[in-house]
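> I have a structure here, written as structure tokens, and I will follow up with some questions on it.
The values are calculated or read from the model by the stated rules, or taken from the named source; none is laboratory data. Since we're looking at a predicted model, the values are computed, not measured. In this analysis, Cβ positions are derived from the backbone assuming ideal geometry, glycine residues included, and neighbour counts consider all displayed protein chains.
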Amino acid sequence: MRHLLNVTALLSVIAVVSGYVEELDDKFKDYLKHELWLVEFYAPWCAYCHTFEPVWHEVGAELKSMGSPVNVGKIDTTVHTSIASEFNIRGYPAIKLFKGELSFDYKGPRTKDAIIEFTNRVSGPVVRPLSSVQLFQHVMSRHDLIFVYIGGESYLKVNIIREYYKAATEYIVHTYFFTASEEVLPKTVTLQDVPAVAVFKDGTYYLYNEFLDGDLSSWINRERFPSYFQMDSFSLYQMGELSKLVALAVVDEKNPSEESIRYKTLMERLSTEYRDNYKSDYQFGFMDGNEYINGLIMGEVEMPSIIVLNMTIDGYCLPENKIETIEDLLRFLNSVLDGSAKLQGGNGFLQHAKRSLYKAKSTVVSMFQEAPFFSCFVFGLPVGIVGLVIWGTCTAVPADDDKPVGGAPASPVLDADGKKAIELQSDSTDKTSEAKKED
């Protein structure tokens with residue numbers, strides 16, 4: 001009885017949570033001008049969508065409890081096919097936040113906290129003011145990385161203000177943007193000129209130099225990651241948008257070995273001590289486990305190991321010699337930059353075809369692992385139909401088999417004793433020919 005009550009209560013909770021996510025149709029575009037919408041684009045056959053569904057309902061419930069003005073919905077693109085092409089949906093589940101005439105793609109982890117953080121950031125002001133020292137310290141305690149425009153408007157540098165707001169609109173999906181006066185900054189911050197743009201990260205700050213760093217938008221795009229951090233598949237995917245290589249320590253965090261710790265320490269040390277040397281060429285980090293890297297290179301990467309990835313062309317380089325010291329690591333990174341290190345992988349035609357087959361195989365395996373019964377139905381139904389068609393074709397009796405051949409009777413002729421007569425069709429034919437000759 002108690003078990004039944006628990007199940008009933010669970011179903012009630014699921015029903016209530018599901019009520020915070022609205023099933024949409026193609027008419028939802030009419031609401032976008034006046035309302036904020038966070039929308040999941042899904043397909044019923046997608047195993048990832050089925051796994052993600054409880055998380056999406058939790059997102060809707062929490063945003064509702066927070067009093068957020070953002071509405072949460074989902075739309076089946078297999079029913080509303082024009083929506084998928086109109087909003088350029090290429091994978092499932094896809095998440096977009098609609099804010100007025102703008103739409104923002106979510107490319108982070110499929111977790112409740114990460115999606116809510118994204119929603120709160122993007123749905124609010126693109127650039128937020130920091131009006132006091134206390135507010136500045138509060139923001140710094142909550143976020144590992146922020147961009148700040150410092151100082152008032154300057155007629156000499158009005159283009160920087162314009163470019164800052166433009167870049168903030170583009171990169172608000174990744175991080176926060178603020179404005180502040182000099183008075184609210186920590187006393188450790190030293191400015192040579194105002195207005196200025198700074199990124200606060202890694203426990204310190206870096207100032208934008210328009211003469212050395214190029215245009216502001218490109219600088220923000222390069223600096224929007226910590227100098228060294230733990231990467232996952234989503235952050236590596238974003239690295240493809242940068243012009244940087246990724247220097248990665250692949251380790252096992254659950255069972256860290258002495259070599260794993262050394263690789264991580266060397267990579268972190270290099271990211272800080274040699275930042276000025278490599279800030280334009282490399283992004284440094286580490287990854288727990290080699291599963292994603294194996295899929296990327298379609299091979300097996302030992303753990304621990306050092307690898308350099310070129311996410312733009314899906315290429316990679318592995319050190320030929322063991323990395324023992326920071327000097328060894330520096331030589332390896334420099335060999336990649338000067339082209340002496342062997343570049344493997346790539347995005348040529350054969351590699352692309354091989355990678356497509358590998359991804360298709362991985363997707364099918366993942367589908368059967370996540371939703372075995374649904375996957376059996378999806379793949380078994382067409383196979384069963386094709387099998388029935390082939391079986392029916394092979395076992396069917398042609399209609400001509402029921403008709404007499406060459407004027408022969410449909411049933412065998414029996415003699416007086418009830419035995420089957422021996423048909424000598426060829427002899428009969430010969431006799432008929434002879435008879436014709438006599439005539």
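> Which residue out of E35, E40 is at pLDDT 90 or above and either in contact with a Ser or Thr (Cβ under 7 Å, 6 or more places away or on another chain) or of a type outside the set (K, R) (or both)? First the steps, then the outcome.
Working: E35 fails: at pLDDT 90 or above.
Result: E40 is the single residue among E35, E40 that is at pLDDT 90 or above and either in contact with a Ser or Thr (Cβ under 7 Å, 6 or more places away or on another chain) or of a type outside the set (K, R) (or both).
> Is at least one residue of segment 331-339 closer than 17 Å to V246 by Cα and touching a Cys at 6+ places or on another chain (Cβ under 7 Å)?
Yes: segment 331-339 contains one or more residues that are closer than 17 Å to V246 by Cα and touching a Cys at 6+ places or on another chain (Cβ under 7 Å).
> Of a type outside the set (G, A, S), within 25 Å of the chain's Cα centre (by Cα) and outside the structural domain of K29 (by TED's automatic domain parsing) - does that describe any residue in segment 130-144?
Yes, segment 130-144 contains a residue that is of a type outside the set (G, A, S), within 25 Å of the chain's Cα centre (by Cα) and outside the structural domain of K29 (by TED's automatic domain parsing).
> Kindly provide the set of residues from segment 236-261 that are of a type outside the set (A, V, I, L, M, F, W, C) and free of Cβ contacts under 8 Å to residues at least 40 places away in the same chain, ordered by number.
Listed by number, the residues that qualify are E241, K244, E253, K254, N255, P256, E258.
> If you go through segment 287-307 one residue at a time, do you hit one that is part of a loop (DSSP other than H, G, I, E, B), touching a residue at least 60 places away in the same chain (Cβ under 8 Å) and either crowded, with 17+ Cβ neighbours inside 10 Å or touching a Lys or Arg at 6+ places or on another chain (Cβ under 6 Å) (or both)?
no
> Which residues, counting only those in segment 271-286, are under 13 Å from A247 (Cβ atoms), of a type in the set (G, A, S) and not in a strand (DSSP E or B)?
Within segment 271-286, just S271 meets the criteria.
> If you scan segment 193-206, which residues turn out to be out of contact with any Ser or Thr (no Cβ under 9 Å at 6 or more places or on another chain), without any contact (Cβ under 8 Å) to a residue 40 or more places away in the chain and of a type outside the set (D, E)?
Those that are out of contact with any Ser or Thr (no Cβ under 9 Å at 6 or more places or on another chain), without any contact (Cβ under 8 Å) to a residue 40 or more places away in the chain and of a type outside the set (D, E): G203, Y206.
> Regarding A84, is this residue surrounded by 12 or more Cβ atoms within 10 Å (Cβ to Cβ) and modelled with pLDDT of 90 or more? Write out each step before concluding.
Numbers: surrounded by 12 or more Cβ atoms within 10 Å (Cβ to Cβ): yes; modelled with pLDDT of 90 or more: no.
Here the answer is no, as A84 does not meet what is asked.
> In segment 192-240, how many are among the small types (G, A, S), not assigned by TED's automatic domain parsing to the domain that holds A180 and not in a loop (DSSP other than H, G, I, E, B)?
Total meeting the criteria: 2.
> Restricting to segment 32-56, what's the tally of residues that are under 18 Å from A84 (Cα atoms) and assigned to a loop (DSSP other than H, G, I, E, B)?
Summing the residues that are under 18 Å from A84 (Cα atoms) and assigned to a loop (DSSP other than H, G, I, E, B) in segment 32-56 gives 5.
> Within segment 308-336, take every residue that is among the hydrophobic types (A, V, I, L, M, F, W, C) and part of a loop (DSSP other than H, G, I, E, B) and give me the one that is surrounded by the most Cβ atoms within 10 Å (Cβ to Cβ). Walk me through how you get there before you give the answer.
Residues of segment 308-336 that are among the hydrophobic types (A, V, I, L, M, F, W, C), as a first pass: 308-309, 311, 313, 317-318, 323, 326, 329-330, 332-333, 336.
Applying the additional criterion that residues be part of a loop (DSSP other than H, G, I, E, B) yields 311, 313, 318, 323.
Numbers: M311: 19, I313: 14, L318: 16, I323: 21.
That would be I323.
> Determine whether segment 276-296 contains at least one residue that is among the aliphatic types (A, V, I, L, M), under 14 Å from Q230 (Cα atoms) and more than 17 Å from the chain's Cα centre (by Cα).
Checked segment 276-296: no residue is among the aliphatic types (A, V, I, L, M), under 14 Å from Q230 (Cα atoms) and more than 17 Å from the chain's Cα centre (by Cα).
> Residues Y92, Y164: which one is on the phi < 0 side of the Ramachandran plot, of a type outside the set (A, V, I, L, M, F, W, C), assigned by TED's automatic domain parsing to the domain that holds L24 and in contact with a Phe, Trp or Tyr (Cβ under 6 Å, 6 or more places away or on another chain)?
Step by step, each of Y92, Y164 is checked, and only Y92 is on the phi < 0 side of the Ramachandran plot, of a type outside the set (A, V, I, L, M, F, W, C), assigned by TED's automatic domain parsing to the domain that holds L24 and in contact with a Phe, Trp or Tyr (Cβ under 6 Å, 6 or more places away or on another chain).
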